[in-house]
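Each value in this text was obtained by applying a stated rule to the coordinates, not by laboratory testing. Predicted, not measured: the structure shown is a model, and the values here were computed from it.
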Amino acid sequence: MQRMTNAKALAQRKQIRELECAAGIRLLHGTELNIQPVGSLDGDDEFLSTFDIRGLGAFPVPPVAGRMTTRALRAVEHPCVDVIGHPTTRSSGPGHLSR
């Protein structure tokens, strides 16, 4: 899997905006944000704020039970988070979200 860089995201955004003009439709340029072990996001806030939509991917950090809940709560409160993706589909193991 290739890591998305700021340069790749900007090139992608340019293509999206060109396609918008050509097709006469509005497209959203988005990114998936990953939660770091302490609950922060994996990107610079200033750059993340330039996306039209930002989805949070909730990936567990095994094996400490309850740790994912703390991380997730901290991350969802971040102003750059618009959407939460797959919050329970990766809930196997002791690092999952508490219910």
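Extension gain, Asn6-Ile25: 0.36 nm per intervening residue step, less the Cα-Cα distance, totals 4.4 nm. Were the residues from His78 through Phe47 laid out at 0.36 nm apart, the gain over their Cα-Cα distance would be 9.8 nm.
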